[in-house]
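The values are calculated or read from the model by the stated rules, or taken from the named source; none is laboratory data. On a predicted model such as this, the values are computed, not experimentally measured, just so you know. Because the Cβ atoms are built from the backbone with ideal geometry, glycine has one as well, and the counts that use them run over all protein chains shown.
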Amino acid sequence: MSLLVVGLSHRTAPVTVLERAALTGQTPTRLLHDAAATATVSEAALLNTCNRIELYADVDKFHAGVAELSQLLAEHSGVDLEELTGHLYVHYEDRAVHHLFSVACGLDSMVVGEGQILGQLRDALARAQEEHTAGRGLNELFQQALRVGKRAHSETGIDRAGQSLVTFGLEQVAAGAGEVAGKRALVVGAGSMSSLAAATLVRAEVGELLIANRTPERAERLAAQLGAKAVPLAEVPAVLTEVDLVISCTGSPGVVITADQVAAATAVRTAPAPLAFLDLAMPRDVDHAVRELPGALLVDLESLSQADAATPGAGDVTAVTGIVAEEVAAFGAAQRAARIAPTVVALRAMASEVVGAELARLQSRLPDLDDRSRAEMAQTVRRVVDKLLHAPTVRVKQLAAEPGGASYAEALRELFDLDPGAVHAVSGTPVGPQAQPAGGSLAGGAAR
């Protein structure tokens with residue numbers, strides 16, 4: 001497997017670019033299929049969240065893969081390739097695995113240590129499985145990333161110090177509009193992020209909770225689960241006059257709450273605290289102009305990216321970084337060892353054929369041998385061959401697990417004149433060398 005990652009995130013692109021590049025509706029599925037259909041890609045998965053878009057692919061050519069995936073990201077996001085390139089990062093093979101494992105542990109999140117990314121990774125894998133774009137390689141990789149993320153949270157304190165984006169956002173709201181407890185709140189949307197927000201509000205002992213969604217049935221279902229009240233989406237402008245806090249995350253391609261609606265609501269409100277909005281949508285749900293209105297407070301992904309998140313202690317970050325490094329090394333060793341397995345199997349199959357042919361010839365030359373003697377001779381020959389092959393095959397597996405170990409498989413194939421077709425039949429991988437990059441980079445990230 002030659003893993004390639006091409007993407008952009010809050011670390012390399014401003015919120016304005018992420019907002020324009022946001023993939024909504026059926027666009028993520030179309031991008032996933034188009035990526036899997038390119039000539040250089042055999043498997044593909046897409047991690048698409050409010051602050052990152054990343055394509056993971058098993059490629060047979062590095063430079064062509066980078067060019068094709070970058071072009072697809074530009075086409076489907078609607079951001080010109082020349083502009084997008086300045087914000088893209090590229091990781092390849094071990095660096096790509098390291099990046100994914102770091103993401104899974106929350107080390108690359110806007111709020112370090114947040115655990116919501118694990119659910120987003122599960123969703124990315126599930127989508128790739130449902131669309132049949134993920135094969136054995138990406139399945140194993142993402143499953144291992146999920147295990148690494150869980151290990152980081154169970155063995156360190158990063159999950160205790162880390163926060164979800166919702167919790168961090170509510171802390172920023174509280175700083176400007178007072179604590180959430182006892183307030184009347186409205187959640188617009190009923191997807192995974194909105195559901196998390198609603199559940200977080202309930203735990204924070206919000207006074208009353210309202211849920212609005214484009215699909216009334218989903219709003220009613222979520223409201224029933226949390227003891228909240230569902231309201232029609234069309235009534236949101238009127239409800240703004242009655243609530244203290246609005247959290248919105250709908251996935252809508254356009255603004256859901258306008259500045260005019262907020263201005264009208266704040267004009268008739270009598271509460272001393274400002275009407276607070278936490279906009280977690282990408283692209284944004286709440287008009288950016290709300291930020292300038294008197295009597296209103298807007299916290300969105302742009303302001304969250306500029307805020308100083310409470311980060312875990314240095315010891316926890318160091319511990320998780322060590323876990324990631326350890327797991328990347330182990331995963332790489334296992335992958336390299338797996339690559340030589342077909343060669344070892346092909347070698348043993350060839351040896352078995354040679355033994356079988358020689359025993360058949362011996363039987364024709366010594367037809368009078370009794371069955372017991374023939375069986376004893378056959379067992380002896382096979383035992384000799386097994387002993388001769390044991391040490392070199394065990395040693396080559398050990399050596400192959402080390403960096404650069406692929407050369408040992410090539411040496412074994414050359415020394416024993418193994419048929420490439422026989423190795424291919426065992427592994428199911430393409431015959432012939434894969435193109436290796438001489439190096440490659442885009443502004444904002446590089447394969448190193």
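Somewhere in segment 291-308, is a residue hydroxyl-bearing (Ser, Thr, Tyr) and surrounded by 18 or more Cβ atoms within 10 Å (Cβ to Cβ)? No, the conditions are met nowhere in segment 291-308.
May I ask you to verify whether Ile323 is within 32 Å of the chain's Cα centre (by Cα), more than 20 Å from Ile158 (Cβ to Cβ), outside the structural domain of Val103 (by TED's automatic domain parsing) and crowded, with 18+ Cβ neighbours inside 10 Å? Spelling it out, it is not the case that Ile323 is within 32 Å of the chain's Cα centre (by Cα), more than 20 Å from Ile158 (Cβ to Cβ), outside the structural domain of Val103 (by TED's automatic domain parsing) and crowded, with 18+ Cβ neighbours inside 10 Å. Of the set (1) touching a strand residue (DSSP E or B) at 6+ places or on another chain (Cβ under 8 Å); (2) closer than 20 Å to Gln335 by Cβ, all apply to His87 but (2).
Screening Val396 on (1) at pLDDT 80 or above; (2) surrounded by 10 or more Cβ atoms within 10 Å (Cβ to Cβ) shows it passes everything except condition (1).
Of the residues making up segment 49-65, those that are under 23 Å from Leu125 (Cβ atoms) and out of contact with any helix residue (DSSP H, G or I) (no Cβ under 7 Å at 6 or more places or on another chain) are Arg52, Glu54, Asp60, Gly65.
Just one of the listed residues (Leu31, Leu88, Leu55, Leu23) is of a type outside the set (Val, Ile, Thr), within 21 Å of Val148 (Cα to Cα) and within 18 Å of the chain's Cα centre (by Cα), and it is Leu55. Of all residues in segment 110-133, those that are under 14 Å from Pro28 (Cβ atoms) and of a type outside the set (S, T, N, Q) have Cβ atoms under 9 Å from Cβ atoms of residues that are assigned to a loop (DSSP other than H, G, I, E, B) and modelled with pLDDT of 95 or more, 6 or more apart or on another chain, in Leu125/Ala134; Arg127/Thr133; Arg127/Ala134; Ala128/Ala134.
Among the criteria (1) modelled with pLDDT under 95; (2) closer than 28 Å to Glu19 by Cβ, the one Thr270 does not fulfil is (2). Residue count for segment 264-286 satisfying the condition of being within 30 Å of Arg52 (Cα to Cα) and surrounded by fewer than 22 Cβ atoms within 10 Å (Cβ to Cβ): 1. If you go through segment 204-225 and keep only what is in a helix (DSSP H, G or I) and surrounded by 18 or more Cβ atoms within 10 Å (Cβ to Cβ), you end up with Ala219, Leu222, Ala223. Against the numbered list (1) farther than 24 Å from Ala338 by Cβ; (2) in contact (Cβ under 8 Å) with a residue 12 or more places away in the chain, Asn139 comes up short only at (1).
For segment 226-250, the candidate set comprises residues that are acidic (Asp, Glu) and in contact (Cβ under 8 Å) with a residue 24 or more places away in the chain; within that set, the residue that is surrounded by the most Cβ atoms within 10 Å (Cβ to Cβ) is Asp244. Out of Ser42, Ser70, one residue alone is out of contact with any Gly (no Cβ under 8 Å at 6 or more places or on another chain) and among the polar types (S, T, N, Q). It is Ser70. I'd like the full set of residues that are closer than 26 Å to Arg20 by Cβ and touching an Asp or Glu at 6+ places or on another chain (Cβ under 8 Å), limited to segment 82-101. Across segment 82-101, the qualifying residue is only His99.
Go through the residues of segment 376-383 one by one and say whether even a single one is in a helix (DSSP H, G or I), assigned by TED's automatic domain parsing to the domain that holds Lys397 and over 30 Å from Ala411 (Cα atoms). Yes, because at least one residue in segment 376-383 is in a helix (DSSP H, G or I), assigned by TED's automatic domain parsing to the domain that holds Lys397 and over 30 Å from Ala411 (Cα atoms).
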